[in-house]
1. Which residue is farthest from PRO163 (Cα to Cα), if the candidates are limited to segment 48-68 and must be of a type in the set (A, V, I, L, M, F, W, C), in contact with a Ser or Thr (Cβ under 8 Å, 6 or more places away or on another chain) and part of a helix (DSSP H, G or I)?
2. Residues in segment 149-170 that are closer than 30 Å to GLN52 by Cβ and surrounded by fewer than 12 Cβ atoms within 10 Å (Cβ to Cβ): how many?
3. Consider only pairs whose beta carbons are under 9 Å apart and that are at least six residues apart or on different chains; among these, list those whose first residue lies in segment 29-43 and is more than 14 Å from ASN65 (Cβ to Cβ) and whose second residue is of a type in the set (Lys, Arg).
4. Report, by residue number, each residue of segment 171-221 that is at pLDDT 90 or above, among the small types (Gly, Ala, Ser), buried (at least 20 other Cβ atoms within 10 Å of the Cβ) and out of contact with any Gly (no Cβ under 9 Å at 6 or more places or on another chain).
5. Within segment 136-148, does at least one residue satisfy the condition of being assigned by TED's automatic domain parsing to the domain that holds ILE91 and either modelled with pLDDT of 90 or more or closer than 28 Å to LEU48 by Cβ (or both)?
6. Go through segment 108-126 residue by residue and tally those that are surrounded by 19 or more Cβ atoms within 10 Å (Cβ to Cβ), in a strand (DSSP E or B), touching a helix residue (DSSP H, G or I) at 6+ places or on another chain (Cβ under 9 Å) and touching a residue at least 24 places away in the same chain (Cβ under 8 Å).
7. Taking segment 55-89 as the search range and keeping residues that are surrounded by fewer than 17 Cβ atoms within 10 Å (Cβ to Cβ) and of a type in the set (S, T, N, Q), which one is modelled with the lowest pLDDT?
8. Checking the conditions here, which among GLY62, GLY19, GLY100 is free of Cβ contacts under 8 Å to residues at least 24 places away in the same chain and in the same structural domain as LEU118 (by TED's automatic domain parsing)?
Amino acid sequence: MASLRDTIADDLRTQIATGHLKAGARLPSEPTLATQYKVSTPTLRNALALLQAEGLIEKIHGKGNFVLHPLRRLTYKGGRLTPDADLHVAIRMTNLRARGDLIPLLKVPARTPLTEFLFLTHQGESPHSLARIYVPQDLAPAELLWCRPEWAETRETVTARVPTPDEASTLRISSTLAVLAITRVSSDNTGRVVEAARLVLPGDRADALFITHHATEERGTEG
């Protein structure tokens with residue numbers, strides 16, 4: 001038997017799918033919805049949290065809950081993100097010193113000057129995905145970042161996890177929604193790390209595509 005939380009979520013989900021609640025529309029207030037469904041406010045909020053985790057609604061503190069426009073998909077392929085249409089990127093550059101886990105990640109001494117590029121992808125007014133790229137300052141980071149030369153080696157680690165509080169706040173997602181966390185480290189032919197990237201892609205709007213090419217050997221026939 002479905003719980004009250006699931007029953008409420010199913011009803012609101014159906015209203016969104018059928019267009020009764022349109023994208024951009026503000027839902028009735030939480031007390032109003034709790035009264036309408038004859039449940040407590042905590043139960044109502046649990047139902048709304050399910051829809052938030054599915055990317056169907058967004059809660060903006062002080063304003064209420066709003067129906068989101070259908071989410072655009074991002075595909076991570078070959079070390080790059082290939083976004084769907086209608087997405088735009090805000091970029092912020094910051095100079096900082098290597099500290100904490102950036103030291104082993106970039107294999108540099110503590111306090112080495114770095115440049116951080118923060119990429120925040122938006123769909124309309126809503127944050128969509130997050131990436132931080134770190135480059136040693138002595139490598140002309142702007143040129144390296146945009147030219148994207150072919151490095152000698154690139155290692156990628158992909159992890160499914162829940163977002164950190166900062167990530168959940170920046171992306172305006174539920175703290176229970178799984179994200180695809182990708183750490184990419186590129187080195188030159190001397191073994192020096194020239195770029196390290198950390199991408200956070202909410203699981204409800206991202207795919208990762210990996211293609212493996214298998215070498216084949218031609219075998220001659222015996223005469």
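The values are calculated or read from the model by the stated rules, or taken from the named source; none is laboratory data. This one's a predicted model, so the numbers in the text were calculated from it and none came from an experiment. Glycine gets a Cβ as well: all are built from the backbone with ideal geometry, and neighbour counts include every protein chain shown.
1. ALA49
2. Final tally of qualifying residues: 5.
3. As it stands, the answer is VAL39/ARG5; THR43/ARG5, since those pairs meet every condition given.
4. ALA196
5. Yes.
6. Residues flagged as surrounded by 19 or more Cβ atoms within 10 Å (Cβ to Cβ), in a strand (DSSP E or B), touching a helix residue (DSSP H, G or I) at 6+ places or on another chain (Cβ under 9 Å) and touching a residue at least 24 places away in the same chain (Cβ under 8 Å) within segment 108-126 amount to 1.
7. THR82
8. Result of the check over GLY62, GLY19, GLY100: GLY100.
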